[in-house]
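Only one structure is covered here, and it is reproduced in the block below.
The values are calculated or read from the model by the stated rules, or taken from the named source; none is laboratory data. Predicted, not measured: the structure shown is a model, and the values here were computed from it. All Cβ positions, glycine included, derive from the backbone under ideal geometry; neighbour counts span all protein chains shown.
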Amino acid sequence: MAERLKIVKDDPWLEPVEGELEYRRKLYLDALKEIEEASESIADYADGYLYFGFQRDEEAHGWWFREWLPGAWEVFLFGDFNGWERRSLPLPLRPEGKRYYADPVLIVQVHQPEQLTPELAQLCPAYVYVPVEILDTDFPRVAPFLEQGAQVVAVLPRVITDDQAEDMHAMLSRAAENGVQEALVGNMGHIFFARRAGMRVRGDFGLNVFNSYTEGVLQQAGLVSATASFELRVAQIRDLAKSIDTEMIVYGRLPCMITEQCIIRNSAGRCNCTVPNNLADRRGALFPVLPAFGHRNQIFNAHKLYLADKHEDYETAGLWGVRLMFTTETPHECVAVMQSYQGLTDYRPNGLTRGLYYRGVE
């Protein structure tokens, strides 16, 4: 367990907000680390104004204008020097041989402990999203991922009632003691649980990021990333301002709904969550029914979202990360899917869908 902050030791009245104070301290240290890694020192970082913007070049007897705009498709410079013609002076898209955008990090999310295999870890995902319940009961399974340098993120349930709050706090606290520093939340109220455990907070699809204003609010709330709604088109995701690191779900069975009552137990007369269960519609499509925290059920889409062959679209959308969301996949299928997204195989699942990302386009 990390040593307590001196300010809290000196002032016990701050103990109720200790998690928030520790969270802010982590944000500061993380930001300082990024600055020092990129610019060697905070002083060099502060000198960025000497490079970006308008800069006089005495040797060339002219001016340079530079801006870092990783999500921009077109940039134009205008003013009284060109009669305020908005499109007459385009800036080059990028220097020859260089990209203004970075490749998004690859994230995997699991639903079952069996999906956390050494074979999947060997493919080196940057982040692994794991339900906090699995971290609580099967934490050794994430060891191979930690050895490969992956960041493990605790996924909070979509629903947490008041009578489950203390159990959730206990599980998150144990995860934090094991070194987990981040949590994924899909409900604004759940930020409290993550902060209370001293964790940084990432936003899931449940926060309904449909526009740049929502991203701005989440940034102000202290989140470190957000997930674009899977009901947006790719073009709309590309156009988000991305004031906060933004990720996109590019593979998996998308969630349809969550039920308060366990429909498996109600229909079978007993809890039988270890056996695959499905709901069938009138056309015969099978929608997987999986157990969720608190004896609830989650119902997922009958078809798997698949975009590996559309990688150029999401790689140039200014995204921080792309997520592969595993639900009913076997451990072998998880590996095959990730290899296809890394360009190592041409594996494609049966019954795939493009979701709503390309509606009206194809």
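Here are the numbers for the structure shown:
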| item | result |
| --- | --- |
| Checking residue 124 against (1) modelled with pLDDT of 95 or more; (2) outside any strand (DSSP E or B); (3) crowded, with 16+ Cβ neighbours inside 10 Å, the condition it does not meet | (3) |
| Residue count for the stretch 337-362, restricted to those that are assigned to a loop (DSSP other than H, G, I, E, B) and of a type outside the set (D, E, K, R) | 14 |
| Top-ranked residue of the stretch 211-223 - restricted to ones that are modelled with pLDDT under 95 and assigned to a loop (DSSP other than H, G, I, E, B), ranked as nearest to residue 246 (Cα to Cα) | 211 |
| Total residues in the stretch 327-336, condition in a helix (DSSP H, G or I) and touching an Asp or Glu at 6+ places or on another chain (Cβ under 9 Å) | 5 |
| Within the stretch 13-52, considering residues that are among the small types (Gly, Ala, Ser) and surrounded by 12 or more Cβ atoms within 10 Å (Cβ to Cβ), the one nearest to residue 177 (Cα to Cα) | 19 |
| Out of 289, 250, sole residue that is within 30 Å of residue 73 (Cβ to Cβ), at pLDDT 85 or above and in a strand (DSSP E or B) | 250 |
| Qualifying residue in the stretch 271-289 (condition: in contact (Cβ under 8 Å) with a residue 60 or more places away in the chain and crowded, with 18+ Cβ neighbours inside 10 Å) | no |
| Members of the stretch 337-362 found to be β-branched (Val, Ile, Thr) and buried (at least 16 other Cβ atoms within 10 Å of the Cβ), listed by number | 337, 353 |
| Hey, residue 30 part of a helix (DSSP H, G or I) and farther than 19 Å from residue 224 by Cα or not | no |
| Flag for residue 149 being assigned to a helix (DSSP H, G or I) and out of contact with any Phe, Trp or Tyr (no Cβ under 9 Å at 6 or more places or on another chain) | no |
| Residue in the stretch 153-175 that is farthest from residue 125 (Cα to Cα), counting only those that are touching a Gly at 6+ places or on another chain (Cβ under 8 Å) and outside any helix (DSSP H, G or I) | 161 |
| Residue within the stretch 224-240 that is assigned to a loop (DSSP other than H, G, I, E, B), modelled with pLDDT under 90 and under 17 Å from residue 322 (Cα atoms) present | yes |
| Filtered residue count, the stretch 312-326, keeping only those that are part of a loop (DSSP other than H, G, I, E, B) and either among the aliphatic types (A, V, I, L, M) or at pLDDT below 95 (or both) | 5 |
| Contacts under 6 angstrom Cβ, first residue in the stretch 106-122 being touching a residue at least 12 places away in the same chain (Cβ under 8 Å), partner surrounded by fewer than 18 Cβ atoms within 10 Å (Cβ to Cβ), 6 or more apart | 106/126; 113/138; 114/331; 115/331; 117/331; 118/144; 121/144; 121/148 |
| Any hit, the stretch 80-92, residues being in contact with a helix residue (DSSP H, G or I) (Cβ under 8 Å, 6 or more places away or on another chain), at pLDDT 80 or above and not hydrophobic (A, V, I, L, M, F, W, C) | yes |
